[in-house]
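Enquirer: After the structure tokens below, expect a handful of questions from me.
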């Protein structure tokens with residue numbers, strides 16, 4: 001069984017030394033986040049995840065979720081764990097207090113999300129949409145929903161799903177055929193089939209609220225082909241009396257089957273049949289536009305994407321911890337720099353350079369991405385609450401640009417890190433005894449769900465970087481340039497600042513080339529999108545590591561940096577600069593090639 005220890009000190013370092021959250025008087029709730037307060041929250045959450053959730057994970061994976069007589073049952077221990085989890089409020093820590101949540105800034109939920117992914121990925125799939133659904137409904141839904149449904153989601157007494165995918169319609173929502181027929185009483189009747197619905201049914205709560213995409217029929221009762229026909233509906237598993245909130249008979253929502261998957265075996269991934277189910281349309285606040293009616297779902301989607309990105313960090317962290325532990329204990333051969341202790345027959349694996357490569361690259365990703373995810377959470381608060389409109393726009397632009405990068409790059413590297421750590425175990429990593437193979441299986445899904453990573457790369461290239469005269473990119477690049485300008489004269493930081501500056505300049509050149517090529521052939525933009533996403537991801541963590549290096553080198557105002565932490569952080573920053581930042585040049589060369597070989601071969605010859 002894999003072991004886990006929450007990286008509490010690193011979160012505290014990021015919160016108070018890196019982000020200096022209690023100094024942010026311009027953001028509501030931040031000045032209350034003192035080290036004593038954040039330490040207490042993280043310690044309590046760590047205790048739950050280490051002592052309650054983590055011991056369930058392996059047994060739950062072996063038992064799996066089950067479907068019998070139309071009902072889903074979760075593994076033993078899940079119901080008690082969910083009750084304890086929701087009663088502690090971990091699922092809604094950053095939901096606004098007026099909606100029934102904990103009211104803490106989003107940055108405080110990042111450690112919770114990371115721990116949840118590391119210790120119970122399957123478990124996390126059941127309640128992950130409670131808070132975002134409560135926020136969306138609390139903002140846009142009718143008053144009776146705000147009164148009777150939102151509090152149940154905020155408390156975790158009910159859970160929620162995001163029901164989008166259909167057998168024939170994944171990313172392309174135009175192909176949705178689930179139909180919504182308006183009724184005289186203002187409700188809608190929803191009919192259709194959805195697949196891959198995480199937590200689509202379970203025995204943890206009395207009710208499940210499905211947030212469903214369906215097409216409103218036209219005047220002739222036909223399902224339009226247009227994307228503008230897609231709307232968002234609330235469909236409850238059990239009927240709800242709008243006057244009293246009391247649950248009634250079963251609504252027309254039924255589980256057809258659950259999927260048998262590569263990983264997250266204890267998560268019930270359901271195929272749902274909606275058969276004339278009563279639904280309530282959620283009005284959009286976006287006004288006109290082809291996708292305006294879907295705007296309420298976009299909040300859930302972006303929340304899910306960021307949460308999935310943090311899952312990549314959680315998987316990397318628990319895999320890294322176990323690989324380091326194994327490498328310290330397992331002895332094999334003599335390392336090139338071995339002291340050749342004659343009292344032992346061999347050196348520990350951790351002495352071998354190639355094993356150190358695997359371990360230190362894993363650590364550099366996990367800790368750099370952790371800083372990146374928490375910085376993005378602060379950007380979320382800035383985009384909402386800063387008093388200056390231009391500053392809010394800048395924060396929103398950088399966050400919008402980073403969202404697809406984090407979802408795709410963090411999960412790519414999260415999976416690659418679990419595989420690298422599995423490699424440290426050798427043959428023992430392939431068998432079930434050590435638990436590392438479970439981490440590999442579970443982490444793979446993060447690259448697929450909530451939008452395949454290639455889709456996010458395309459979104460980054462076409463809708464984020466190249467759109468609006470590259471405004472989002474310019475705000476992002478300017479923020480990095482401002483950091484470089486502040487520290488360019490500090491010779492102690494040359495090994496970190498100079499690679500960052502060179503990488504940014506190299507990527508700017510590549511973007512100019514890509515702009516010119518895509519003007520002639522949009523295929524060049526699509527073909528280079530994945531390399532572009534990866535390059536931006538490497539650059540973003542390069543920025544994070546350069547910032548961290550500057551903080552620990554100065555050290556005058558740090559609270560959670562001792563000598564060992566300083567040495568370790570500088571070494572990991574050096575690892576990222578030496579082993580990852582050079583990748584940007586090769587990625588840019590691939591982008592600038594135009595990828596004619598990739599684009600021009602006829603389909604029948606592939």
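Enquirer: Which of the residues that make up the stretch 243-298 are out of contact with any strand residue (DSSP E or B) (no Cβ under 9 Å at 6 or more places or on another chain) and crowded, with 16+ Cβ neighbours inside 10 Å?
Expert: Listed by number, the residues that qualify are 263, 265, 266.
Enquirer: Could I ask something else about it? Here are the criteria: (1) at pLDDT below 95; (2) closer than 30 Å to residue 66 by Cα. Tell me which single one residue 224 does not satisfy.
Expert: (2)
Enquirer: Just wondering, is there one or more residues in the stretch 327-335 that are modelled with pLDDT of 95 or more, closer than 29 Å to residue 108 by Cβ and under 35 Å from the mean Cα position of the chain (by Cα)?
Expert: no
Enquirer: Next up: Take the stretch 204-226 and flag every residue that is buried (at least 16 other Cβ atoms within 10 Å of the Cβ), over 24 Å from the mean Cα position of the chain (by Cα) and closer than 19 Å to residue 298 by Cα.
Expert: The first filter runs over the stretch 204-226 and keeps only residues buried (at least 16 other Cβ atoms within 10 Å of the Cβ), leaving 204-205, 207-217, 223.
Cutting the leftovers down to over 24 Å from the mean Cα position of the chain (by Cα) gives us 205, 207, 214-217, 223.
Those that are buried (at least 16 other Cβ atoms within 10 Å of the Cβ), over 24 Å from the mean Cα position of the chain (by Cα) and closer than 19 Å to residue 298 by Cα: 214, 215, 216.
Enquirer: Among the residues of the stretch 222-235, which ones are part of a strand (DSSP E or B) and free of Cβ contacts under 8 Å to residues at least 60 places away in the same chain? Steps first, please.
Expert: So in the stretch 222-235, the residues part of a strand (DSSP E or B) come out as 230-235.
The one that is part of a strand (DSSP E or B) and free of Cβ contacts under 8 Å to residues at least 60 places away in the same chain: 233.
Residues checked against (1) over 18 Å from residue 443 (Cβ atoms); (2) touching a strand residue (DSSP E or B) at 6+ places or on another chain (Cβ under 8 Å); (3) free of Cβ contacts under 8 Å to residues at least 40 places away in the same chain; (4) in a helix (DSSP H, G or I):
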residue	(1), (2), (3), (4)
315	no, no, no, yes
327	yes, yes, no, yes
359	no, no, no, yes
362	no, no, no, yes
368	no, no, no, yes
399	yes, no, yes, yes
408	no, no, no, yes
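Enquirer: Now, a different point. Given the conditions (1) surrounded by 16 or more Cβ atoms within 10 Å (Cβ to Cβ); (2) at pLDDT 95 or above; (3) under 24 Å from residue 486 (Cβ atoms), report the number of the one that residue 530 does not fulfil.
Expert: With (1) surrounded by 16 or more Cβ atoms within 10 Å (Cβ to Cβ); (2) at pLDDT 95 or above; (3) under 24 Å from residue 486 (Cβ atoms) applied to residue 530, the lone miss is (3).
Enquirer: Evaluate the following for residue 370: is it within 26 Å of residue 459 (Cβ to Cβ) and buried (at least 22 other Cβ atoms within 10 Å of the Cβ)? I'd like the intermediate steps shown before the answer.
Expert: Details: within 26 Å of residue 459 (Cβ to Cβ): yes; buried (at least 22 other Cβ atoms within 10 Å of the Cβ): yes.
In short, yes.
Enquirer: Being under 14 Å from residue 375 (Cβ atoms), crowded, with 19+ Cβ neighbours inside 10 Å and out of contact with any helix residue (DSSP H, G or I) (no Cβ under 6 Å at 6 or more places or on another chain) is the filter here, so list the residues in the stretch 20-51 that pass it.
Expert: 24
Enquirer: Out of 554, 585, which single residue is at pLDDT below 95, in the same structural domain as residue 474 (by TED's automatic domain parsing) and over 21 Å from residue 374 (Cα atoms)?
Expert: Numbers: 585 fails: at pLDDT below 95.
None of the other options fit; the residue is 554.
Enquirer: Could I ask something else about it? I'd like to check something: does the stretch 423-431 contain any residue that is in contact (Cβ under 8 Å) with a residue 60 or more places away in the chain, in contact with a strand residue (DSSP E or B) (Cβ under 8 Å, 6 or more places away or on another chain) and surrounded by 15 or more Cβ atoms within 10 Å (Cβ to Cβ)?
Expert: no
Enquirer: Moving to a separate point now. Going through the stretch 554-588 one residue at a time, which ones are over 30 Å from residue 510 (Cβ atoms) and touching a residue at least 24 places away in the same chain (Cβ under 8 Å)? Before you say what the answer is, go through the steps one by one.
Expert: Taking the stretch 554-588 and keeping what is over 30 Å from residue 510 (Cβ atoms), we get 554-568.
Within the stretch 554-588, 557, 558, 559, 560, 561, 565 qualify.
Enquirer: List the helices (runs of 4 or more DSSP H) inside the stretch 450-522, counting only whole elements, that have at least 3 residues being over 15 Å from residue 536 (Cβ atoms) and in contact (Cβ under 8 Å) with a residue 60 or more places away in the chain. Walk me through it before giving the result.
Expert: Details: elements: 453-459, 471-487, 494-520.
Result: 471-487, 494-520.
Enquirer: For the stretch 66-94, give me each residue that is within 23 Å of the chain's Cα centre (by Cα) and either surrounded by fewer than 17 Cβ atoms within 10 Å (Cβ to Cβ) or over 30 Å from residue 254 (Cβ atoms) (or both).
Expert: Matches in the stretch 66-94: 88, 89, 90, 93, 94.
The values are calculated or read from the model by the stated rules, or taken from the named source; none is laboratory data. From a predicted model like this one, the values you see are computed outputs, not experimental measurements. Glycine also receives a Cβ, built like all others from the backbone with ideal geometry; neighbour counts cover every protein chain displayed.
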